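Worksheet: one structure, shown below.
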Amino acid sequence: MDSQNLLDEMVNGDSVQILKAALPYLPSSGQSVVSVFAKFLELQNTIHFFHSSKGNMEICSRQKSDPVEMLTACSNACHGPAKEKLNNMINTLLMLQMLELSQKPLPPEFHTDGMYAQGGEHSYE
């Protein structure tokens, strides 16, 4: 996948990305060693990130509370059946939000009762 998630962007430097990009060009025996090394660097960077006070503050400042936004981010990071299930969940939540909105009364500025009662140009009399 071309896009990285937020955590990947925060912890991965160019060196990890270069290792990953070089994998297809290495002999098969070297691919496994370089792949494990890249994952080791990711783990090391992640541990360092969360042990620094800056890392904890950055994650907290970027938290979102919208479940649709979270599910959309997860859906963008996967494919196949998992992506389809997440998209179904997103659509269900959006439909529930629309249903909730339709159940709420309209604000006074959207009521048209007064317009028709005055016999203006919008009257059906």
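A short reminder: the numbers here are calculations on the coordinates, not readings from a lab. Here the structure is a predicted model, which is why all the values come from computation and not from measurement. For neighbour counting, all protein chains shown are included, and Cβ atoms are generated from backbone atoms with ideal geometry for every residue, glycine included.
Applied to region 98-104, the Karplus parametrisation 6.51 cos²θ - 1.76 cosθ + 1.60 on θ = phi - 60° returns per-residue 3J(HN,Hα) values of 5, 5, 4, 5, 6, 7, 7 Hz, with x for Gly and Pro.
Backbone geometry of region 18-31 corresponds, through the Karplus equation with coefficients 6.51, -1.76 and 1.60 at θ = phi - 60°, to 3J(HN,Hα) couplings of 5, 4, 5, 5, 7, 3, x, 9, 8, x, 4, 5, x, 4 Hz, x marking Gly and Pro. Couplings for region 74-81, taken from phi via the Karplus curve 6.51 cos²θ - 1.76 cosθ + 1.60 with θ = phi - 60°, read 5, 4, 5, 8, 9, 8, x, x Hz in order; Gly and Pro are left as x.
Between Gln31 and Thr46, what is the label-point separation in nm under the 7 Å Cα-to-beta-carbon projection? If labels sit at Thr46 and Gln31, their model points lie 2.3 nm apart.
On the beta carbon distance between Thr92 and Thr72, with R0 = 22 Å, the FRET formula returns roughly 0.95.
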